[in-house]
Amino acid sequence: MPVLVRTTAPPRTAGGSSKTLNAPLIPGSAYTLQVAALGKEADALELAARLQKKKFPAFVLSPQADKYYRVQVGPYADPKAADAARKGLEAQVLKPS
């Protein structure tokens, strides 16, 4: 299940890292949905690409100290928009098998 994350850090830029897939500029008050935290870059990039094909604004954050690639969707200006996206993800992508 996607987790709603409110960004409280200063805005981050979409640097030229090869480990980032279309990371948007994210304002400090934005909301994003974390879909997964994966240990392999290729897996994270592939998941983000599949989400993008389904029209979700997905991107991958480079790993920090914990060494996980975070697949996120967003940013959204308010929690209602993020919740609507979460419901769409659950219905279209994260259906139980």
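Taken over segment 31-48, the criterion of being among the aliphatic types (A, V, I, L, M) and touching a strand residue (DSSP E or B) at 6+ places or on another chain (Cβ under 8 Å) is satisfied by Leu33, Val35, Ala36, Ala37, Leu38, Ala44, Leu45, Leu47, Ala48.
Every condition in (1) open to solvent by 70 Å² or more (accessible area, probe 1.4 Å); (2) in a loop (DSSP other than H, G, I, E, B); (3) at pLDDT below 90 holds for Thr20 except the one numbered (1). Reported count of residues in segment 40-78, each being touching a residue at least 40 places away in the same chain (Cβ under 8 Å) and either open to solvent by 60 Å² or more (accessible area, probe 1.4 Å) or β-branched (Val, Ile, Thr) (or both), is 5.
The values are calculated or read from the model by the stated rules, or taken from the named source; none is laboratory data. Predicted, not measured: the structure shown is a model, and the values here were computed from it. Cβ atoms come from the backbone with ideal geometry, glycine included; neighbour counts cover every protein chain shown. What goes into the accessible areas is simple: the full protein's heavy atoms, side chains included, and nothing from ligands, DNA or RNA. Shrake-Rupley method; radii C 1.70, N 1.55, O 1.52, S 1.80 Å.
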